[in-house]
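Report on one structure; see the data block that follows.
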Amino acid sequence: MSVKTLTIDGKMVTGIAGETIFNVAWNSGVRIPRLCHVGGVSDVGACRLCLVEIEGQKKLMASCMTNVEEGMVVRTNTERLQSHRRLILELLFAERNHICAVCVMNGQCELQDMAEELGMDHVRMRYLFPKLEVDTSHERFGLDHNRCILCTRCVRVCDEVEGAHTWDLKGRGVNSLIIADLGEPWGQSDTCTSCGKCVQVCPTGALFSKGRTVGEMRKDRRFLKYIVTAREKHQWIR
Amino acid sequence: MTIEELSDIQEQEQARQQKLANRIYCCTAAGCVSCGADRVRQSLHAEVKKAGLQEQVEVCGSGCMGLCSQGPLVRSAADDALYGHVSPEEAAALVSGNPVDRQLLAGKRIDTTAPFFALQHKIVLANSGVMDPEILNDYIAVGGYQALAHAVTELSPPEVIEEIKQSGLRGRGGAGYPTGLKWELVAKQSSQIKYVVCNADEGDPGAFMDRSVLEGDPHRVLEGMALAGYAVGAQQGYIYVRGEYGLAIQRLQTAIKQAERADLLGNRVLGTGFQFRVDLRIGAGAFVCGEETALIASIEGKRGQPRQRPPYPPESGLWERPTLINNVETFANIPPIIAKGGEWFASIGTAGSKGTKVFALAGKIVNTGLIEAPMGASLRTIIFDIGGGIPDGGRFKAAQTGGPSGGCIPEQFLDVPVDYESLAKIGSIMGSGGLIVMDESSDMVDVARFFMEFCMDESCGKCIPCRVGTVQMHDILARMTRGEGTPADLDMLEQLCTLLRETSLCGLGQTAPNPVLSTLRFFRHEYDAKLAASRGGAQ
Amino acid sequence: MDSLIKKPRLATVWLGGCSGCHMSFLDLDERLIDLHQMAELCASPLTDYKDFPEVDVTLVEGAVANEEHLEHIRHIRKHTKLLISFGDCAVTGNVTALRNMFGVEEVLDRAYRETSTQVIGIPRGNHAVPKLLDRVRPVHEVVKVDYFLQGCPPSADKIYSFLMDLLAGRQPKVEERRFG
């Protein structure tokens, strides 16, 4: 295991070859914003919030998809990055009907957190107000497309950790939708094991447990670390 | 088939064709087929039979002969005459060698000394009008597969790559990456399994270069791919062709079968130890699958979405193996380069851009169709000399190159040489070769809106800037064209341009702002005029 | 004791919202007295005014949902130095904008026919009931807004610190302010 030394926001840090900039940064106390990343499943680099500047590279790189290199000089919080991130969040808020005041995740939502963290105080573009369904066909859970940011955490955890691959996407662009199996109502899915992992990793109120009202939903993703540790190190520790 | 047999077939077929009194080539590309070329061809066959000339006159198909606006096109080899707008009733006159009959067709004869023909330089399209794309022997007769034969017997893989490097050929898909370097990158990988992929997912609005090459000369593309396979050490090739190209798919299927049967592809290429197979993969209609990582995902059977590069496909591509991906036109350039040498190819074009480029001329231009011009020809030459200028006495306003990733070039740059560097300098790109000409009646804000609508519809939805940014940009542009835009809208539009360029995951999103940026750069007054005339809005 | 320097003039208005933001404002409780020392409250939904007065600062609760709101907010913009979107409805449209997923007709049908025990008819925009806009808009889509105070409602603490900063001539902090 070779060790790589690099600079992140002026701070000398070390990581192991093959580790991502994102992980090394967080391990050394530099919080890079993110929405599609969740520890324990693969990364896709889709939300673009974790983009960083790397000296000597023209392009901004998704830190969750870029491995550390010796001598790298990384900047995670420049004015340019901050302004890009705010604009990306505005795009997200304008895309679907994220009405925090009437959401089960109000107060616990990662999208809400991001807006606060990045100082996004209003949306400068027009809201799109798409007409979207809420799938409550499952006995225990619900899927509210109005709240979905298409981060695909649910798709990945279902595929990679549960091994069911119930979730996937249909459509494209702004019309993309998370679907169960081949577009059946969730409650009729043949592959869903009702394990609830997707609900726990969902950053917003898109996936929720039934019976929760505004602000009552709590999500706990410590189980992911538990499973991943068990798989990789064969240690069943909480 | 061995190499000796290949040469024998070439000689025999050439001799056979020379003995014919005439060979009549009827265009079978999609453009001419859609305006009735099939009926013309049937009629020609019937007339040959009626006249009892089956032994002397042969009627066959041909690839795109360029002047699509005058289809159906028919070429008579005996007198080297090209006829346009041919109707089935004129078949008898075409079959007959009688000069009086021919006189009936005088009005339909196209002057092949006109600038449209004289100023073109055909390498990729060299075989259009002289061979039938569905007959293997026709391709062999014009020297087909000789380059492959030469390479597998007389050249080592590094020598093939050296020849390509020397030629200065750059990728014809749009980005213009040096082909030889790409091949070398793949060749250097130590993996036992490698792939060669032909990107035939041509999707730019108004572009049909690759379709025409596939329809008109499919074996040339197969030969180019086989040469690539030999050079980089791959044994399997895939052609990823868009599902809308039915005719191209059919011709490719025919060509692959023919080539496999003749040992030009397969386990023993030309009787040597070199193995190379080609399979088709049909796209389901997503523009983004022309982006190489999305294309790879699609071939693998996954959702056609791009992923971050690096790793680049030459290191880790299809099924995580080293993969060479080139565009149709790039592969079509390979056989002549190997046959005639890299130096010959490098003698054509400009310092940084060698060879020729095929363009699909569309929009407000007299000669809509397919042309091939040497790199460095000016836009003026392409549009006014070859293209015949603007119809109905219209005035040129702008030319759009590079499709939704490209830009609009205004009148003051008409004399800029068309090559990779010069176009980039004026805010456009070479792209894959679509060239849309616009006259004074075009509203440039609406043009930008049109391309943004295309990008919005084609965004895969994976990354947020492209998925939602294109929608917001389109909404702003639509508001502006309706006269409802505000200065704040224009400001947001420019901010989104920067955002998409700098933060989108793949090329589609990164270049989606280009039509807006280039119209803002050269036609900002049109945006300003719309704002000034605007009714609603804040403040 | 009032200072000799003229106090800044403050107004609050209520457009398409539930008045929750004003309730939260009243939750300032005894701090209302501090506020009174810093500013003069010239107009609010609780005061009767015929013409909106000239003021320095206006807090706008609610989204722009009908023609009256539109006219009102345009008028206010001309008579206030600083305009503050006060609460999520003003900032984002929030619950008021939930109707934007449907057409105006659908909404009116639902409200005045389907769910009404006594069907009188749909108001079509008259002196009593202003016409609905085709789309509920956040305030900044209609007029220039100087500051945004998120929350549904913004808590009394946040309102207080925001106003204290503003009235003291400081740049109000944006940290720790969230939607919802």
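The values are calculated or read from the model by the stated rules, or taken from the named source; none is laboratory data. Not measured: the values here are computed from a predicted model. Cβ sites come from the backbone with ideal geometry, for glycine too, and all protein chains shown count toward neighbours.
Table for the structure above
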item: Of all residues in the stretch B:243-293 being more than 14 Å from chain A (Cβ to nearest Cβ) and of a type in the set (Phe, Trp, Tyr), the one that is nearest to residue B:5 (Cα to Cα); result: B:274
item: Failed condition for residue B:498, given (1) at the interface with chain A (Cβ under 10 Å from one of its Cβ atoms); (2) crowded, with 18+ Cβ neighbours inside 10 Å; (3) assigned to a helix (DSSP H, G or I); result: (2)
item: Residue match in the stretch B:449-466 (condition: under 26 Å from the mean Cα position of the chain (by Cα), away from chain A (no Cβ under 13 Å), over 30 Å from residue B:302 (Cβ atoms) and modelled with pLDDT of 95 or more); result: yes
item: Only listed residue being outside any strand (DSSP E or B), surrounded by fewer than 17 Cβ atoms within 10 Å (Cβ to Cβ) and either assigned by TED's automatic domain parsing to the domain that holds residue A:217 or out of contact with any Lys or Arg (no Cβ under 9 Å at 6 or more places or on another chain) (or both), chosen from A:122, A:165; result: A:165
item: Residue in the stretch C:154-162 that is farther than 29 Å from residue C:9 by Cβ, without any contact (Cβ under 8 Å) to a residue 12 or more places away in the chain and more than 10 Å from chain A (Cβ to nearest Cβ) present; result: no
item: In the stretch B:493-512, residue farthest from residue B:288 (Cα to Cα) [restricted to those that are touching a strand residue (DSSP E or B) at 6+ places or on another chain (Cβ under 9 Å) and touching a residue at least 12 places away in the same chain (Cβ under 8 Å)]; result: B:503
item: Single residue of the stretch A:165-218 satisfying the filter (touching a residue at least 60 places away in the same chain (Cβ under 8 Å) and under 18 Å from residue A:42 (Cα atoms)) that is farthest from the other protein chains (Cβ to nearest Cβ); result: A:201
item: Number of positions in the stretch C:128-150 that are more than 9 Å from chain A (Cβ to nearest Cβ), in contact (Cβ under 8 Å) with a residue 24 or more places away in the chain and part of a loop (DSSP other than H, G, I, E, B); result: 6
item: Residue check for residue A:144: more than 14 Å from chain C (Cβ to nearest Cβ), on the phi < 0 side of the Ramachandran plot and out of contact with any Asp or Glu (no Cβ under 7 Å at 6 or more places or on another chain); result: no
item: Helices (runs of 4 or more DSSP H) contained entirely in the stretch B:38-131, each with at least 3 residues that are within 31 Å of the chain's Cα centre (by Cα) and not assigned by TED's automatic domain parsing to the domain that holds residue B:23; result: B:115-118
item: Given (1) under 29 Å from residue A:81 (Cβ atoms); (2) under 26 Å from the mean Cα position of the chain (by Cα), index of the condition residue B:497 fails; result: (2)
item: Among residues of the stretch A:1-37, those that are buried (at least 22 other Cβ atoms within 10 Å of the Cβ) and over 17 Å from residue A:51 (Cβ atoms), counted; result: 1
item: Qualifying residue in the stretch B:212-226 (condition: in a loop (DSSP other than H, G, I, E, B), closer than 24 Å to residue B:316 by Cβ and either modelled with pLDDT of 95 or more or not assigned by TED's automatic domain parsing to the domain that holds residue B:315 (or both)); result: no
item: Close pairs from the stretch B:19-34: first over 11 Å from residue B:132 (Cβ atoms), partner buried (at least 18 other Cβ atoms within 10 Å of the Cβ) and basic (Lys, Arg), Cβ under 7 Å, at least 6 apart; result: B:30/B:211
item: Total residues in the stretch A:138-152, condition assigned to a loop (DSSP other than H, G, I, E, B) and among the basic types (Lys, Arg); result: 1
item: Selection count where residues are within 11 Å of another protein chain (Cβ to nearest Cβ) and charged (D, E, K, R), scope the stretch C:75-112; result: 5
item: Pairs, first of a type in the set (S, T, N, Q) in the stretch A:99-122, second crowded, with 19+ Cβ neighbours inside 10 Å and part of a helix (DSSP H, G or I), C-beta under 6 Å, six or more apart; result: A:106/A:100; A:112/A:100
item: Which listed residue, of A:53, A:70, is over 20 Å from the mean Cα position of the chain (by Cα), in a loop (DSSP other than H, G, I, E, B) and more than 14 Å from chain C (Cβ to nearest Cβ); result: A:70
item: Qualifying residue in the stretch A:177-197 (condition: out of contact with any strand residue (DSSP E or B) (no Cβ under 8 Å at 6 or more places or on another chain) and closer than 30 Å to residue B:452 by Cβ); result: no
item: Any hit, the stretch B:475-495, residues being within 11 Å of chain A (Cβ to nearest Cβ), modelled with pLDDT of 95 or more, within 24 Å of residue A:54 (Cα to Cα) and surrounded by fewer than 21 Cβ atoms within 10 Å (Cβ to Cβ); result: yes
item: Any hit, the stretch B:288-298, residues being over 18 Å from the mean Cα position of the chain (by Cα) and not aliphatic (A, V, I, L, M); result: yes
item: Selection within the stretch B:222-251 - among the aliphatic types (A, V, I, L, M), closer than 21 Å to residue B:125 by Cβ and in contact with an Asp or Glu (Cβ under 9 Å, 6 or more places away or on another chain); result: B:239, B:241, B:247, B:248
item: Tally, over the stretch B:92-134, of residues that are at negative phi, among the small types (Gly, Ala, Ser) and out of contact with any helix residue (DSSP H, G or I) (no Cβ under 6 Å at 6 or more places or on another chain); result: 7
item: Residue count for the stretch B:501-519, restricted to those that are assigned to a loop (DSSP other than H, G, I, E, B) and more than 9 Å from every other protein chain (Cβ to nearest Cβ); result: 3
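Table: residues versus (1) small (Gly, Ala, Ser); (2) crowded, with 24+ Cβ neighbours inside 10 Å; (3) at negative phi; (4) not in a loop (DSSP other than H, G, I, E, B).
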position: B:428; (1), (2), (3), (4): yes, yes, yes, no
position: B:435; (1), (2), (3), (4): no, yes, yes, yes
position: B:438; (1), (2), (3), (4): no, no, yes, yes
position: B:441; (1), (2), (3), (4): yes, no, yes, no
position: B:452; (1), (2), (3), (4): no, yes, yes, yes
position: B:461; (1), (2), (3), (4): yes, no, no, no
position: B:467; (1), (2), (3), (4): no, yes, yes, yes
position: B:470; (1), (2), (3), (4): no, yes, yes, yes
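Rundown of residues vs (1) surrounded by 12 or more Cβ atoms within 10 Å (Cβ to Cβ); (2) more than 14 Å from chain A (Cβ to nearest Cβ); (3) in a helix (DSSP H, G or I), yes/no style:
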site	(1), (2), (3)
C:22	yes, yes, yes
C:34	yes, yes, yes
C:46	no, yes, no
C:73	yes, yes, yes
C:117	no, yes, no
C:122	yes, yes, no
C:126	no, yes, no
